[in-house]
1. With the condition kept exactly as written, say whether any residue in the range A:809-819 is more than 21 Å from A:Lys773 (Cα to Cα) and crowded, with 18+ Cβ neighbours inside 10 Å.
2. Can you tell me which residues in the range A:601-634 are over 30 Å from the mean Cα position of the chain (by Cα) and outside any helix (DSSP H, G or I)?
3. Could you say whether any residue in the range B:68-86 is more than 22 Å from A:Thr855 (Cβ to Cβ), modelled with pLDDT of 80 or more and not hydrophobic (A, V, I, L, M, F, W, C)?
4. Listed residues A:Leu678, A:Leu723, A:Leu660; which is within 13 Å of chain B (Cβ to nearest Cβ) and either more than 24 Å from A:Asp520 (Cβ to Cβ) or of a type in the set (Ser, Thr, Tyr) (or both)?
5. Go through the range A:680-711 and report how many residues are surrounded by 24 or more Cβ atoms within 10 Å (Cβ to Cβ) and over 20 Å from A:Val750 (Cα atoms).
6. Hey, could you check the range A:698-737 for residues that are modelled with pLDDT of 90 or more and out of contact with any helix residue (DSSP H, G or I) (no Cβ under 6 Å at 6 or more places or on another chain) and say which is farthest from A:Gly339 (Cα to Cα)?
7. Which one of these is facing chain A (nearest Cβ under 9 Å), modelled with pLDDT under 80 and touching a Phe, Trp or Tyr at 6+ places or on another chain (Cβ under 7 Å): B:Leu65, B:Leu59?
8. Using the structure shown, decide if A:Thr8 is part of a helix (DSSP H, G or I), within 14 Å of another protein chain (Cβ to nearest Cβ) and surrounded by fewer than 11 Cβ atoms within 10 Å (Cβ to Cβ).
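The values are calculated or read from the model by the stated rules, or taken from the named source; none is laboratory data. It should be emphasised that the depicted structure is a prediction, and the values quoted were computed from it without experimental measurement. Heads up, the Cβs are rebuilt from the backbone with ideal geometry, glycines too, and the neighbour counts pull from every protein chain shown.
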Amino acid sequence: MGDADRWTRLQALFHAIAALPESERASRLVAATRDDPTVGDDVRAMLAQDAAGASLLDRGVARTAEALLHSGADGPLPTETFGPYRVTALLGEGGMGVVYLGVRDDLDARAAIKILRDAWLSPARRERFASEQRTLAHLKHPGIAQLYDAGALPDGTPWFVMELVEGTALTDYCTRRELGLRERLRIVRDVCGAVQFAHAHAVIHRDIKPSNILVTEEGSPKLLDFGISKQLAGTDAPIDQTRSGMRLLTPAYSAPEQIRGAPVGAHTDVYSLGVLLYELLTGRLPFELSDRTPSEAATILLTEEVPRPSSVAGRVAASRAAWEDLDVLILTAMHRDAGRRYPTVEALARDLDHFLAGEPLEARPDSRRYRAAMFIRRHRLPVLAASVAVVVIGLVTTFYTVRLRLARDLAVAESERTQRIQAYMLQLFQGGDDAAGPADSLRVTTLLELGAREARALDGEPAVQADLYQTLGGIYQQLGRMDRADSLLTLAYARQRAIHGDGSREVAGALVALGRLRIDQARMDEAEFAVRAGLARLRRERPIDVAAVSGALALLGKALREAGKYDASIAVLDSAVALRGAADTATKGYATALTELASTHFQAGHYAIADSLDHLVLPLERRLHGPGHPLVAEILLSLGAIQFDQGSYPQAETRDREALALIQAWYGHDHPATASALTMLGRALVYQRKDTAAVSALQEALRIQERVFGPIHPRVASAVNELGNLAVAQDRLEDAEGHFRRMVEIYRAVYHDDHYLIGIALSNLASVFSARKEYPRAEATYRDALARFTAALGPEHSNTAIARIKLGRTLLRERRFAEAVVESEAGYRILGKQSEPGTSFLQAARKDIAAAYDTLGQPERGRLYRSEWERIAAQSAKKN
Amino acid sequence: MPAEPSQTDFPIDADPPTLDGLFTLAYEELRRLAATVRRSDPSATISPTALVNEAWLKLAASPHLAPTSRLHFKRIAARAMRQILVEAARRRNATKRGGGKIALVTFDDDIDAGVDSAGELLALDAALEGLARVSPRQAAMVESRFFAGLDIPETAELLGVSEATVLRDWRAAKAWLAVELQRVG
């Protein structure tokens, strides 16, 4: 054929002539192709073939495929020698390669030769073949078929020679020999030894099933097919994301995390060994899947309970007591939640040994101990006398911090009255007997109740009383007791008005304090209203109190930011910075305004601006407070958060560690501020999959927060949330569910029911349901969270957008494509305005929308999103 | 900055399969399925369309391979199916010519039919290469329809054109390929 133009002409003529009556065709064709008669010839031939309709394309490929594939031919080999081995017979073929029988004449030894056919077809195939060969080279164990030799043919076809295992598939072996319980268990015990050996060399098999275990005449099992095994670089290494080991799984032996596509590990092989035991001892698989479609099978595996092995008819004979232990052993090995399985193959093997020796299983007392530990952890009170003193010190420090901030914001720092209140409060906190009494009498709430009662008695000094209400309200707010804070601050506002008059500076202060509370209650409209009202009064004061006005502006900026009104927030904060900066840049108020401005830019996704603002504040705070001050640490944490949100987790970790060191030096190791820094650090570690370090940081944070604030407090919830995230990453979904449920409970107890943080907790809980493929439940929970975000934060807030993107993904998994597109696109549109294009949520949305459009028959639109996804993925790959 | 809880990121999500990864997956799964059919029942029919559908069903049950769409997968599977048949045909031809030093093959009676099919398939492969040079879209259309059994609406959706366009393009491409096949044969 010539070029594209000629082809265009051929087609046009072909269609035109074919549309004519038979009689007119010949003459028209000649007339149309006088310039180039060969065109006429070609069109004539095409018309003839079109009329005959008998070519290969008309007949279809089925018969051809039949003839080509059916005779089992894998064709001739270009050579018959591979290293010292000579090919003598074809043993079999699978998806990847062909296996031949090889003989080594000098040693009279036989071996299996595995060849990667059509290696040139794809690099991924070559990589997978090479990976199996590398794995085998590491693993020299009597239970694993050995690698002998490897190389490539002149045409590049790679091959390797391995130990020829002449044996029978495990299940057949047991059935044919009618083996009893103990003999079956001993073989599995040996298989465990081989798997354990592989794990010790950081290799996860991932495809353990009877057909991959051959048993020799002597009764020794050999583990085969490391074709999709996975080399773990180390426990703390990031997850290997190569897909070269990809294969469509046979669900029956696959662990739930494999079916979900979650990270695999030693626990994955433990699960498969559990299924193997189940099948060997009961004669059937845990689930009847033969009549199911693959997706039904997956659903069953992920949702249904495994019938107890002892309840299966036709099981191997054993005593009832023995079956009780076997139930525990098998069901522990194949627990749906990876965190509840035997932690290692070695632990499983130990229990097999215990069983064979007639000893009690480790899995049994462990589960009881596990429950007891859970119980104690949930109900523990900070009762140790030694910790009481620490609690008091922590509280007094908290008190100072709060007190100073309130003093600043109320702009009454200079008054004698304040000093009296401060002295009074200090006395209150230090009055308790450190050494005596049950913990509850020293809990901060008890002290505050005492303070409130004392304040009520101060009728003779109404102004001091009003200030005290305001101070106490602020402390309650800081402690998360919003109901008490609300009534005290409302009372303070009423009193200040009665005493000083509506337009007074005191009422302005009370309004600002009330506005600060409303922000924490996520009642953003009211917050904005209160702060604006206070601000209007402050602006009327002469001379103008720059500190008070800019402080209120900073607060207003925060309220607007929390409501998702980033542009308005930036405008207000810019004016606060300008106002305060014009007077004096070396003030705390200026630093505060800058910090708030940085936060808004951060939330709005303007990372570069946020970063430079934080870098501006950092030396300022150092100069104002000294290099080791907690406020400096706060800026460092903020810089860490910027790195975190941009996906630079190691850099975030560095910042968090710097901050943590300062905070620990300032407050000690047991302070809530230390706990907050540990939580931030833990979060950065989770994302780098430095799991061990993450666990210890987060559990330490939780321990501190629980001891200081009791089990029900938002700061406890923060630590619990990150532990939940870690559990999700480790695929311990039951643990994750427990964490997120606790988070919901805490927020419900602490906040109004419409607080957006309840939405955060619900959304994270929904992610667990979705990971478990419990889509209807996930959908309902996401919708609940979404309603809360919309009501509390507005439809344009980033949290609302993220929840819609997540809901979209759940709908997509349910194959409700049209609905999925509506949610994902809406979330994408909103979030796209506020965040950097590389944000993981936006990338996820692009993928989901593309997939949905493809299936909805609008591939053009799908392509748009997919190419955007690819462009950004390539950019970030380049950056890293 | 307080450690304010935020919504969890999506679970650490491996990249979607690359084109090469997906091709490998389809290629090996199709070969595995074909080998299974052959082993379990030597007289069973091996229909490429059925193999591709079977492979898709298994893929659809593996959520970790989302967001691969059905049509996207079938498009890749068509290419893999073509490669499998082309390789089989090449080997069959080599056997006929006695090109190999060793042939570890038990031939059935249908050897001649096999060799004829091999020649015809290789001719089609070469003709498709030619078509791809002047009209990649039509070559993709033929590949998807012939090797993976995509129907007209699916093909239209895949290529983003109307069904009428598919029908026209398919008819012309088919006629031209038939001419080429006859010229070689």
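1. The answer is no; no qualifying residue exists.
2. A:Gly626, A:Pro627, A:Gly628, A:His629
3. Yes, there is a match, as at least one residue in the range B:68-86 is more than 22 Å from A:Thr855 (Cβ to Cβ), modelled with pLDDT of 80 or more and not hydrophobic (A, V, I, L, M, F, W, C).
4. A:Leu660
5. Residues in the range A:680-711 being surrounded by 24 or more Cβ atoms within 10 Å (Cβ to Cβ) and over 20 Å from A:Val750 (Cα atoms): 10 in total.
6. Per the stated criteria, the residue is A:Arg703.
7. B:Leu59
8. no
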